[in-house]
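**Student:** A single structure is presented below for examination.
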Amino acid sequence: MSTNLRNILLFAIMGALLIAVGVIQSANVALAIFNLCLISAIMTLGVNIQWGYAGLFNAGVMGFAALGGLAAVLVSFPPVPEAWAVGGFRAMLGVVTGAISIFLGIIAFRKFPGSRRIRGWGAAGVALSGIVLMRFVLDPAVEVIEAVEPARTGFLGGLGLPIVFSWIAGGAFAALAAWGIGKIALGLRSDYLAIATLGISEIIIYFLKNEDWLARGVKNVNGLPRPVPYEIELQKTLWVQELAAQLDFNVIELSSIIVKLSYAGLFIVVLVIVFWLSERALKSPWGRMMRAIRDNEVAASAMGKDVTWRHLQVFVLGSAVIGLAGAMLTTLDGIFTPASYQPLRFTFLIWVMVIVGGSGNNLGSILGGFTIWFFWIEAEPIGLALIELLTSGMGEDSALRLHLIENAAHTRLATMGVVLLLVLRFSPRGLIPEREK
């Protein structure tokens, strides 16, 4: 079987599984899974840019995704005038003070005389002094901002712009953070880079959970605006009512399907653009250079390539794509919940998608994103049905049967392990392996 035919067959099977969910469960469920598969595929492309192109192990995917979610709040949520009136200016002054202190710390490290150790301690002293000053300026403003109707707001809000703009901002936030992390950590060995990215992503999540003045912390931000119509608005329109009558559909269900299809259209456009740009980059001289660095850093360095600088480039680009996907996910949810950013979902699952799809192959990343997210969602109902079938001969009050049914949700973890083991056993390079050079 040719490679192209095999790839078509794999995507056809994935499409058939989604159609089966639409027939057996409902079209709404199938479209909800499809939309999340699209976002997962975009996030997987971002990780694949880092790992598949350059061999960089990023264990902090959830931190960059969370920055994308924060962008959705800061760009699209309306500003809170009362909070700005009592402490907005002072809060911004505190943020600027912190940024300046970090900048001065970098300058101090470069300009201080003496050894690297002395310059490091001097830069740390400058940065620490600036951060203490920042808290002195910021903390009183935070206290009064969070006291403004904390049940409803208690934060500054955002810019009130269309939420689609936050997708670009989410990529920019993640890219800026990746640049700062990369400048510090990319000179480390790969295992230390993984530890550093995981630690910094946890710091980002901790910050978002505790700085209520910025994005309400664990109180969450509800009611983010949409780039598509609301269901209640569609239900009132004449054409939706007529279409529901023609198709013999419930108008409420039809309006939900239209909303999900609208989201799907937007996400498909973004996925196609990111995939096209990723393919162009991979096939360009830059992409061939990155793979050469990945395969043998010593040889690439001997040929005059600045390995650290190239690693920084690819780390920033991949993180920007992850941040973009994070903003899209928050847009789809309509709510920003910092507590939901867990490594299991936003780091482990994304890495499983890359491995199963085929690292180094963008098409494989898309297939991996679809496959793993589909089974992550459907493993529980499939597992429950299987348990009920296997225990059908037991009594209704059987303790073993009740225990298995109550714990059906855990079958998704077992399913992920089985899928990963099967792929590694029978297709160790992934479902769609990297093309030979």
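The numbers here are math on the coordinates, done by the rules we state, and not lab data. Source: prediction; values computed, not measured. Reconstructed Cβ throughout: ideal geometry from the backbone, glycine too, with neighbour counts over all protein chains shown.
**Student:** Please compute the net charge surrounding Gly383, taking Lys and Arg as +1 and Asp and Glu as -1 over other residues with Cβ under 13 Å from its Cβ.
**Tutor:** On the way: positive: Arg412; negative: Glu378, Glu380, Glu388, Glu406.
Computed value for this residue: -3.
**Student:** Another one. Provide Met43, Met134, Met394, Met290 in ascending order of the number of other Cβ atoms located within 10 Å of each residue's Cβ, fewest first. Don't skip to the end; give the middle numbers.
**Tutor:** On the way: Met43 31, Met134 20, Met394 13, Met290 24.
Fewest-to-most ranking of Met43, Met134, Met394, Met290: Met394, Met134, Met290, Met43.
**Student:** In a Gaussian network model over the chain where Cα atoms closer than 10 Å are linked, find which of Pro162, Pro338, Pro225 has the largest mean-square fluctuation.
**Tutor:** Most flexible of the set in this elastic network: Pro162.
**Student:** Using the Cβ atoms and a cut-off under 11 Å, what net charge is assigned to the surroundings of Gly358, where Lys and Arg are +1 and Asp and Glu are -1? Please list the in-between numbers first.
**Tutor:** Values: positive: Arg429, Arg435; negative: Glu434.
Every neighbour counted, the sum reads +1.
**Student:** Provide Ser340, Ser427, Ser319 in ascending order of the number of other Cβ atoms located within 10 Å of each residue's Cβ, fewest first.
**Tutor:** Details: Ser340 16, Ser427 13, Ser319 33.
The order, fewest Cβ neighbours first, is Ser427, Ser340, Ser319.
**Student:** Could you work out the relative contact order of the chain, using alpha carbon pairs under 8 angstrom and six or more residues apart, expressed as a whole percent?
**Tutor:** Details: 671 pairs, mean separation 126.5, N = 437.
This gives 29 percent for the chain.
**Student:** Indicate the helices, whole DSSP H runs only, in the chain that combine a mean Kyte-Doolittle hydropathy of 0.0 or more with a Cα extent along their long axis of 24 angstrom or more.
**Tutor:** 3-24, 27-54, 89-111, 116-146, 165-185, 190-210, 251-283, 307-333, 362-390
**Student:** Something else about it: Among Gly22, Gly318, Gly69, which one shows the highest mean-square fluctuation when the chain is modelled as a Gaussian network with alpha-carbon springs under 10 Å?
**Tutor:** Highest fluctuation among the options: Gly22.
**Student:** Between the DSSP loop rule and a limit of at most 10 other Cβ atoms within 10 Å, which GluC sites (Glu not before Pro) in the stretch 358-437 are left?
**Tutor:** Numbers: sites: Glu378, Glu388, Glu396, Glu406, Glu434, Glu436; in loops: Glu396, Glu434, Glu436.
Here the GluC sites (Glu not before Pro) that fit, given the DSSP loop and packing criteria, are Glu396, Glu436.
**Student:** OK, next. Considering only the other residues whose Cβ falls under 14 Å of the Cβ of Asp333, what net charge follows from Lys and Arg at +1 and Asp and Glu at -1? All intermediate terms of the calculation are to be shown ahead of the outcome.
**Tutor:** Details: positive: Arg226, Lys260, Arg345; negative: none.
So the environment of Asp333 carries a net charge of +3.
**Student:** Please arrange Met289, Met303, Met416 by counting, for each residue, the other beta carbons lying within 10 Å of its beta carbon, fewest first.
**Tutor:** Numbers: Met289 16, Met303 11, Met416 19.
Ascending Cβ contact count within 10 Å gives the list Met303, Met289, Met416.
**Student:** Compute from the Cα atoms of the stretch 1-103 the Rg and the Dmax, the latter being the longest Cα-Cα distance, and quote both in angstrom.
**Tutor:** 22.0, 68
**Student:** Leaving out same-chain residues fewer than 8 places away, which lysines sit with a Cα under 23 Å from that of Lys183?
**Tutor:** Lys111, Lys305
**Student:** Here's another thing I want to ask about it. Of (1) 1.12; (2) 0.95; (3) 1.01, which is the value of Rg/Rh (Cα atoms, Kirkwood Rh) derived from the coordinates here?
**Tutor:** (3)
**Student:** Output the relative contact order of the stretch 80-156, whole-number percent, from Cα pairs under 8 angstrom with separation of 6+ residues. Kindly include the intermediate steps, with their values, before the conclusion.
**Tutor:** Working: 91 pairs, mean separation 35.5, N = 77.
Answer for the stretch 80-156 is 46 percent.
**Student:** Still on this structure, please answer the following. Quick one: dipole size for the chain, taken about the Cα centre, charges +1 on Lys/Arg Cβ and -1 on Asp/Glu Cβ, in debye to the nearest 20.
**Tutor:** Working: 31 positive and 27 negative charges, 449 e Å.
Computed charge dipole of the chain: roughly 2160 debye.
**Student:** Can you tell me which lysines have their Cα less than 21 Å from the Cα of Lys209? Leave out same-chain residues fewer than eight positions away.
**Tutor:** The reachable lysines, counting only those whose Cα sits under 21 Å from Lys209, are Lys219.
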